Amino acid sequence: MRCFTDSDGKAGMAGHSHWARIKRAKAVTDARRGRAWSKLARAIIVAARSGGGDPDANLALRYAIDAARDGNMPRDTIERAIKKGTGELGAEQYEEVVYEGYGPGGAAVMAVALTDNRHRTAPEIKKIFEMNGGNIAVPNAVGWNFSRRGVFRVPAAAADEERMMELALALGADDVGRDGEEWELRCDPALFEAGRKALADAGLKPSSAQIALIPGSTVQVEGERAVQMVALVEALEEHDDVQNVYSNFEISEQDMQALAGG
């Protein structure tokens, strides 16, 4: 297990966390709740369609429901999405497509979409890349640099470093470190459910919990390129079909503060 430190000597994580921090600072989540619920519902529909409507027997569905609950989605909305997935309320057909590309300064970008028409979605995603200083790439052009990991973010005020290290060691986590005002703990996806339970048993409620794509190496972007990079990620996230966006960009604290206040 690794523990990282940032430039100030405090524990910190790299790469994947930058957009999460900027997004929280800009307080964009609540303003986009309707779009977020639509995306959460799609994830539930796809999981229920592929593995059935029982979350106890369908781990992907359980994770999708947990994410929906974390997003404050109403119970009846969740139940309708499950029924759409199982065909009880009429089938909705979505498929997962991963779009890979490069952002300003050569940063890698992975946009995971659920679409009912890839012939419509593909040119729209390509246009978003091009309009924001990037370009789309062929499959696995950047995907080789990412791996699936369970990621939990816990408010720093809720636990000190010693407690987080103890939890991480007990779980068998890969990494734990402080990123701004949050701790970030990463683990093998197979340990994701155990991680949820360990945090709950410790009385800790994560601000987010997901199975994410984590980059193995990062790229530093500065100044105008940092502005363009964040604009690209925002534009991709705003697309109705895009569920998640992952990148390996790093930006300085100075640029991050400027972006958060912009």
Going by the structure shown, is LYS127 without any contact (Cβ under 8 Å) to a residue 12 or more places away in the chain and not aliphatic (A, V, I, L, M)?
yes
How many of the residues making up the range 201-253 are farther than 24 Å from ILE44 by Cβ, touching a Pro at 6+ places or on another chain (Cβ under 9 Å) and not small (Gly, Ala, Ser)?
10
Please indicate, with yes or no, whether at least one residue in the range 185-198 is of a type in the set (D, E, K, R), crowded, with 21+ Cβ neighbours inside 10 Å and either at pLDDT 90 or above or outside the structural domain of ASN72 (by TED's automatic domain parsing) (or both).
yes
For strands (runs of 3 or more DSSP E) lying entirely in the range 102-217, having 2 or more residues that are among the aromatic types (Phe, Trp, Tyr) and closer than 30 Å to SER50 by Cβ picks out 146-155
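Residue-wise test of (1) in the same structural domain as ARG149 (by TED's automatic domain parsing); (2) surrounded by 21 or more Cβ atoms within 10 Å (Cβ to Cβ); (3) not β-branched (Val, Ile, Thr).
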residue	(1), (2), (3)
SER207	yes, no, yes
ILE211	yes, no, no
LEU232	yes, yes, yes
ILE251	yes, yes, no
Could you please let me know if GLU79 is over 30 Å from ALA194 (Cα atoms) and either part of a helix (DSSP H, G or I) or over 21 Å from the mean Cα position of the chain (by Cα) (or both)?
no
Condition (residue is within 18 Å of GLU250 (Cα to Cα) and of a type in the set (Phe, Trp, Tyr)) applied to the range 141-151: is it met by at least one residue?
yes
Give the residue, chosen from TYR94, TYR99, TYR63, that is under 23 Å from the mean Cα position of the chain (by Cα) and surrounded by fewer than 22 Cβ atoms within 10 Å (Cβ to Cβ).
TYR94
If we ask which residues in the range 185-206 are over 15 Å from TYR63 (Cα atoms), hydrophobic (A, V, I, L, M, F, W, C) and more than 14 Å from the chain's Cα centre (by Cα), their number turns out to be 6
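Among the residues in the range 140-150, are any at pLDDT 90 or above, more than 29 Å from TYR102 (Cβ to Cβ), out of contact with any helix residue (DSSP H, G or I) (no Cβ under 9 Å at 6 or more places or on another chain) and not basic (Lys, Arg)? Before you say what the answer is, go through the steps one by one.
Let us first name the residues in the range 140-150 that are at pLDDT 90 or above, namely 140-150.
Of the ones still in play, those that are also more than 29 Å from TYR102 (Cβ to Cβ) are none.
No, the range 140-150 contains no residue that is at pLDDT 90 or above, more than 29 Å from TYR102 (Cβ to Cβ), out of contact with any helix residue (DSSP H, G or I) (no Cβ under 9 Å at 6 or more places or on another chain) and not basic (Lys, Arg).
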Just to check your reading of the model, which residue among GLY105, GLY134 is assigned by TED's automatic domain parsing to the domain that holds GLU237, at positive phi and touching a helix residue (DSSP H, G or I) at 6+ places or on another chain (Cβ under 6 Å)?
GLY105
Regarding the range 245-253, can at least one residue be identified that is part of a strand (DSSP E or B) and at pLDDT below 90?
yes
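The values are calculated or read from the model by the stated rules, or taken from the named source; none is laboratory data. Note that the coordinates shown come from a computational prediction; the quantities given were computed from them, not determined experimentally. Neighbour counts are summed over all protein chains in view; Cβ atoms, including those assigned to glycine, are modelled from backbone coordinates with ideal geometry.
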